[in-house]
Amino acid sequence: MAMRAHNFFAGPAVLPLPVIEAARDAAYDFAGLGMSIMEISHRSKEFDAVIQKAQSDALAIMGLSADEYAVLFVGGGASTQFAMVPMNFMRGTADYINTGEWSKKAIKEAKMLGSCNVAATSEDANFNYIPKEFSFTPGADYVHYTSNNTIYGTEFKSIPDVGDVPLVCDMSSDMLSREMDYSRFSLIYAGAQKNLGPSGVTLIVVRKAWVEQAKDDIPTMLRYKTHVSKDSMFNTPPVYPIFVLGKTLEWIIAEGGLGVIQERNEKKAALIYDIFDANPDFYKGAVTNAEDRSLMNVTFRLPSEELEAKFIAEAKEQKMYGLKGHRSVGGCRASIYNACPVESVEALARFMEQFMAANK
Ligand SMILES: *Cc1c(COP(=O)(O)O)cnc(C)c1O
């Protein structure tokens, strides 16, 4: 195989090489059937084994039990969950923590559907920190937050304490990147294309007892109950993305689980953040507090926009792709998800040192 590029795209994003190879093979001949995974029934026993294994692997990785939690694979992206959560669970007031563009989009949908209280926001400082104090509504229907802010490069390092109120989290860009007490959540959702697989499937992990309390007077496809009771098979699920996501889960397990993944992610992030800390006049991290820095999306500025453009162009010549920051922050962003190899981050760190020496 030709040399793999250093992939720092924010999403869709890098996948582990064994996953890509399995996806390539299954796209031609799956399970020795003489047909590809895309050409067989979603109700075949071969695909049934794929989805069941993905469900049990996801629960095993998170340390959750199938008695308490359901794992769903649905279409529509994380963006559909912005509306589905309030449609199913909003009766009185729901609390939302606003930490960036994706939180804002979730809040917009919730406001359309009912009473949404913004319990904290970091919008006052262009989302460059994680709020630490929240004004929660007593007896709220749920609290919603975004664990990792893909665009701004901030990440919650601890789970907000919401007492007995159901906790909902958009984990699209840091799902399964670290050890966590996943049992604190009533509902987790993640568009697969950041840290889990290709676009086209959204992973949902939801407490079954909470789903039983969800509303019934909403369209069938938008009810969590529908997908839980039919085990993600009410209609044709995104078969090929589920297969690839399942392979990524197998890869996480083979690597040693979330402890190993987290340690590697911390090591990778430190390679870049250490450069910011040693050279604050040249590489200026976009996040104010070091403790809020994302392990997944590293955002930074250079002394001028000209240097930023030069940095991105020269990086490309060295097969380092996807380093341009999101338009709402500008500057540069290196997304270093689970599957981004340590070697790629080491190559980026070396390039950053060389670029600084040549352009200071
Ligand atoms: C990318 C992203 C989304 C949007 O995901 P889609 O699957 O494209 O709808 C939502 N939330 C976060 C945190 C994201 O990074």
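Counting every alpha-carbon pair across the chain, the share separated by more than 37 Å comes to 20%. Tally Lys and Arg at +1 and Asp and Glu at -1 over the other residues with C-beta under 13 Å from the C-beta of THR121: what net charge comes out? Net local charge, THR121 excluded: -3.
Which whole-number value in Å² is the accessible area per residue of the chain, probe 1.4 Å? Please report the intermediate quantities before stating the final value.
Values: 15190 Å² over 360 residues.
Value for the chain: 42 Å² per residue.
Comparing MET233, MET112, MET320 in a Gaussian network model of the chain where C-alpha atoms under 10 Å apart are linked, the largest mean-square fluctuation is found at MET112. In loop segments of region 1-86 as defined by DSSP, the chymotrypsin sites (Phe, Trp or Tyr not before Pro) with at most 16 further C-beta atoms inside 10 Å of their C-beta are TYR28.
Tell me what the chain gives for mean residue ellipticity at 222 nm when only DSSP H runs of n ≥ 4 count, each as -39,500 (n - 2.57), the sum divided by the residue total, rounded to 500 deg cm²/dmol.
Working: 10 runs with 134 residues, N = 360.
Only helices count here, giving -12000 deg cm²/dmol.
Computed from backbone phi with θ = phi - 60° and the Karplus coefficients 6.51, -1.76 and 1.60, the 3J(HN,Hα) list for region 29-40 is 8, 9, 6, x, 7, x, 9, 7, 4, 7, 10, 10 Hz; x is used for glycine and proline.
Would you work out the Kirkwood radius for region 257-359? I mean one over the mean of 1/r across all pairs of different Cα atoms, in Å. Let's see the in-between values first.
Numbers: mean 1/r = 0.0723 Å⁻¹.
Kirkwood hydrodynamic radius for region 257-359: 13.8 Å.
For the peptides 158-167, 53-62, residues were scored by their other Cβ atoms within 10 Å and the scores averaged per peptide; the highest-first order is 53-62, 158-167. The separation of region 19-41 from region 143-161, counted between C-alpha centres, amounts to 36 Å. In a simple Cβ point-charge model (Lys, Arg +1; Asp, Glu -1; nothing else charged), region 17-255 has a dipole of about 460 debye relative to its Cα centre. Helices of the chain meeting both criteria, an alpha-carbon length of 15 angstrom or more along the long axis and an average Kyte-Doolittle score not below -0.5, with helices taken as full DSSP H segments, are 45-62, 77-89, 239-255, 258-278, 342-359. Measure up LYS268/LYS319; LYS45/LYS225; LYS157/LYS208; LYS284/LYS310 against 20 Å on the Cα-Cα distance and list the ones that go over. From the list (LYS268/LYS319; LYS45/LYS225; LYS157/LYS208; LYS284/LYS310), the Cα-Cα distance tops 20 Å for LYS45/LYS225; LYS157/LYS208.
Please label the shape of region 206-311 as rounded, prolate or oblate, based on the square roots a ≥ b ≥ c of the eigenvalues of the alpha-carbon gyration tensor (a/c under 1.5 means rounded; beyond that, a/b larger than b/c means prolate, else oblate). It is prolate, given that a/c is not under 1.5 and a/b is the larger ratio. Counting Lys and Arg as +1 and Asp and Glu as -1 over every other residue whose Cβ lies under 15 Å from the Cβ of VAL165, the net charge comes to -1.
Counting only protein heavy atoms and a probe of 1.4 Å, the accessible surface of the chain is 52% carbon and sulfur. SER79 sits among other residues whose Cβ lies under 14 Å from its own Cβ, and their net charge, with Lys and Arg +1 and Asp and Glu -1, is +1.
Run through the DSSP bridge list for region 17-255 and note the antiparallel percent, rounded to the nearest 5. Before the final figure, lay out each step's value.
Working: 13 of 28 bridges.
Counting DSSP beta bridges with both partners in region 17-255, the antiparallel share is about 45 percent.
Inverting the pair-averaged 1/r between distinct Cα atoms of region 155-200 gives 11.5 Å as its Kirkwood hydrodynamic radius.
The values are calculated or read from the model by the stated rules, or taken from the named source; none is laboratory data. Being a predicted model, the structure only gives us computed values, none of them experimental. Positions of Cβ are generated from backbone atoms using ideal geometry, with glycine treated the same way; all protein chains shown enter the neighbour counts. All accessible areas refer to the heavy atoms of the entire protein, side chains included, with ligands and DNA or RNA removed. Shrake-Rupley method; radii C 1.70, N 1.55, O 1.52, S 1.80 Å.
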